[in-house]
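Derivation of every value follows stated rules applied to the coordinates shown; laboratory data play no part. All of these numbers come straight from a predicted model, not from anything done at the bench. Ideal geometry is used to build each Cβ from the backbone, glycine not excepted, and the neighbour counts take in all protein chains shown.
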Amino acid sequence: MGIADTVKTLLHLPLLLKLKREMVPRAPSERFCIGAQVAKNAASWPDRIAYSCDGRTISWDGFNKLANRYAHSFLARGIAAGDTVSVMMENRIEFLGVIFGLNKIGVTAALLNTNLTGKPLVHCISTTGSKACVVGEECGAAIMGIMGELNLRSGKDFLYVAENNQNACPDWAEDLDADAQDRPWVNPEQTAAIELGHTALYIFTSGTTGMPKAAIMSNRRYLGTASLSALGGMRLEPEHRVYNCLPLYHATGLVVGVGGALVAGASTFIRRKFSASNFLSEARREGTTHFVYIGELCRYLLNTPQRADDANNPLHTMMGNGLRPDVWMQFKKRFGFKRIAELYGASEGNAGFCNILNKDLTIGTTLVAVKLVQYDVHKDQIVRDNQGRCIEVQAGEPGLGLIQVDPNAQFEGYTNKEATEKKVVRGAFEDGDVWFNTGDLLRTIDVGFSFGFTHFQFVDRVGDTFRWKGENVSTNEVGELINMHPDVRFSNVYGVHVPGTDGRAGMAALTLREGVAALNLESFARHVQKELPAFARPVFVRIQPEIEVTGTFKMVKGDLREEAYDLARVQDPMYVMLPGSSGYAPLTPELHQQIQGAKAGF
């Protein structure tokens, strides 16, 4: 790194000093919440655009009144502070109005992944003890399919939000918008009593075992992360405008994107779903200055036909996660971005990393204690010394990331205490210490002068979770559902690399039940489509005579991940579900060549 790079870094010093002042953790007992921030924005910038979506715009004042009407409607139904309400709706203004309205009266919003159906959806609603379920019209079919398995009353506890108020409310729900329209628009008096430590949201994460787990997010953590996004990451001002096409039931879209704009008073353009072909034209039309991303979207954008004017757009700053080093510089140059605030964290994590100094190819740094320790990928376990302590890796070597849990980096965990305990490592380096296990391999990276802050780079996920299509996939959850198929005796699920994609595609090694000569591919395909969301369905299937296990009967995944779907290394029958297909086809040398050449459409 030369003098010019050092000078650029020194220019960040005033911001770092401001961050140090602003990011001091606030007391959990302080009375403030997300909904109070909405009301504050409405008072400060009543006529500024807060959100635009589907051709509609709404000001901060108008949005605050919408959230207030929803809040008063919930109160009239007997929903009050301490309750939980599930919300299943695609990205739109009403979604935000509902969850912020719930927050204004101290109710926790459980955010349901709109891809879920069947048993995982039942689990998510039931495990949070939801008193009601708000359903967007676009998600009605998924909810109708499981109503009989829920402890909620048809016609009473399901609250319907139509699209554009066009279609009539079904008889199994009550019309939330029709009721809210006649409710008071004033701020609820309950908002003033809500504390930062109160639980604002349940954001579901697949985690490492079992069904999706509800990660707890307090008002304190939401607003703290949002402030870091606004001030340290995107450096937002009220006149800025954010392009947000990420699912708002996940933390990157809702906390980093919506939250960052919320605390800064900036405007947000919300898109239902990502569209690579419309991205630049919309950014120009909407005048968006910032982009909230996940790495997969960036790769999709790079795969669009290149035009000479790609960099001629109002975008200059982007913040998100998963932008891999192999596409970082190409993406930055082609689309003209001046600042990439890559971040790293988890919905349930106790701290995050952020590239606040705008260094290339790094997830940035963090203010809390981090240790990278040796991890045996094949055995899927932490390596320990003779005293049972973790062993730190050398600088630049990949290691499992551990983040120390302390009063300034609290681990709020999940609603399930057993699942919470499984995510911490105790006695890692000395008696009594507690560390959050990120489940990811990280390495330190030399970025030149950086005020003494250590910078990190993401390497890969480990263990029983992989990431595909922007979603975390629990191998155990998928395996449990696959095992329900009548042909399957055992399944071993893991993630494998597909050239030209981010994350890992699901692969399942199956052993068949006694007497089953061959897997019924049509029946199996129907089964996974019924039981699993699209991102969790195994892309590759391998039929094994036996499943290899360890001495403690834990399924071995290391060799399977390495062999993947390589026809030169695997003699077992293998099948693939190609993009756009609803069935599995034999993995032939021709198909394998297409996949390896990134020409199979993934």
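A Förster radius of 25 Å combined with the Cβ-Cβ distance from Ser275 to Ser582 puts the calculated FRET efficiency at roughly 0.65.
Find the eigenvalues of the gyration tensor of the Cα atoms of segment 27-141, then list the square roots of 5 times those eigenvalues as equivalent ellipsoid semi-axes, largest first, in whole angstrom. Could the numbers behind the result be given before it?
Values: eigenvalues 124, 70, 26 Å².
Working from the Cα gyration tensor, I get semi-axes of 25, 19, 11 Å.
In whole angstrom, how far apart do the alpha carbon centroids of segment 527-602 and segment 165-231 sit? Going from one Cα centre to the other spans 38 Å. With only Cα atoms counted, segment 78-141 has Rg and Dmax values of 11.3, 31 Å.
If both residues of a DSSP beta bridge must be in segment 31-343, then about 25% of such bridges are antiparallel.
Here's the picture: charge each Lys and Arg Cβ at +1 and each Asp and Glu Cβ at -1 in segment 466-596, and of Ala517, Ala536, Leu560 the one pushed furthest to the positive end of that dipole is Ala536.
Rounded to the nearest Hz, the phi-derived 3J(HN,Hα) couplings of segment 138-152 under the Karplus curve 6.51 cos²θ - 1.76 cosθ + 1.60 (θ = phi - 60°) are 5, 10, x, 5, 4, 5, 4, x, 10, 3, x, 9, 9, 8, 10, where x marks glycine and proline. Inverting the pair-averaged 1/r between distinct Cα atoms of segment 301-392 gives 16.0 Å as its Kirkwood hydrodynamic radius. The share of alpha-carbon pairs in segment 31-343 lying farther apart than 29 Å comes to 35%.
For Tyr51, the residues 5 or more places off, or on other chains, whose built amide H falls under 5 Å of its own are Ile58, Thr268. Once backbone amide H atoms are built at 1.01 Å from N, His240 has Ser267 as its partners under 5 Å, excluding neighbours fewer than 5 places away on the same chain. The 3J(HN,Hα) values that the Karplus relation (6.51, -1.76, 1.60; θ = phi - 60°) gives for segment 211-221 are, in residue order, 6, x, 10, 8, 6, 7, 10, 7, 4, 4, 6 Hz. Gly and Pro appear as x. Size descriptors for segment 466-596, from the alpha-carbon set: Rg then Dmax equal 13.7, 41 Å.
Counting only residues at least eight positions apart within a chain, or on another chain, the aspartates and glutamates with an alpha carbon under 17 Å from that of Lys104 are Glu30, Asp61, Asp83, Glu94, Glu189, Glu195. A straight Cα-to-Cα reach below 23 Å connects Lys18 with the lysines Lys8, Lys40, Lys338, Lys359, residues fewer than 8 places away in its own chain not being considered.
Mind jotting down a quarter of the surface of the convex hull over the alpha carbons of segment 174-293, in square nanometres, one decimal? Show your work: numbers first, answer last.
Values: hull surface 42.9 nm².
It is 10.7 nm².
Packing-wise, with mean Cβ within 10 Å as the measure, how do 311-324, 523-536 rank, highest first?
Details: 311-324: 19.8, 523-536: 17.6.
In decreasing order of mean packing, 311-324, 523-536 become 311-324, 523-536.
Ranking of Leu15, Leu248 by neighbouring Cβ atoms within 10 Å, starting from the fewest: Leu15, Leu248.
Sorted from largest to smallest, which semi-axis lengths in Å does the alpha carbon gyration tensor of the chain give for its equivalent ellipsoid, taking the root of 5 times each eigenvalue? All intermediate terms of the calculation are to be shown ahead of the outcome.
Working: eigenvalues 261, 194, 125 Å².
Gyration-tensor ellipsoid for the chain: 36, 31, 25 Å.
Counting only Cα atoms, the size of segment 349-463 along its three principal axes is 40, 30, 24 Å, in decreasing order.
Quick check for me: using +1 on Lys/Arg Cβ and -1 on Asp/Glu Cβ, what's the dipole size of the chain about its Cα centre, in debye to the nearest 20? All intermediate terms of the calculation are to be shown ahead of the outcome.
On the way: 62 positive and 65 negative charges, 244 e Å.
It works out to roughly 1180 debye.
The Cα trace of segment 98-242 gives Rg and Dmax of 17.2, 48 Å, the first to one decimal, the second as a whole number. Using θ = phi - 60° in the Karplus curve 6.51 cos²θ - 1.76 cosθ + 1.60, the 3J(HN,Hα) couplings for segment 188-201 round to x, 5, 5, 4, 5, 9, 7, 9, 4, x, 5, 6, 8, 9 Hz; x is entered for Gly and Pro. Amide H contacts of Tyr293 (H built 1.01 Å from N, in plane; Pro and chain starts excluded): Met319, Gly320, Asn321 sit under 5 Å, all sequence-distant by 5 or more or on other chains. Ranked by the mean number of other Cβ atoms within 10 Å per residue, highest first, peptides 423-433, 385-395 order as 423-433, 385-395.
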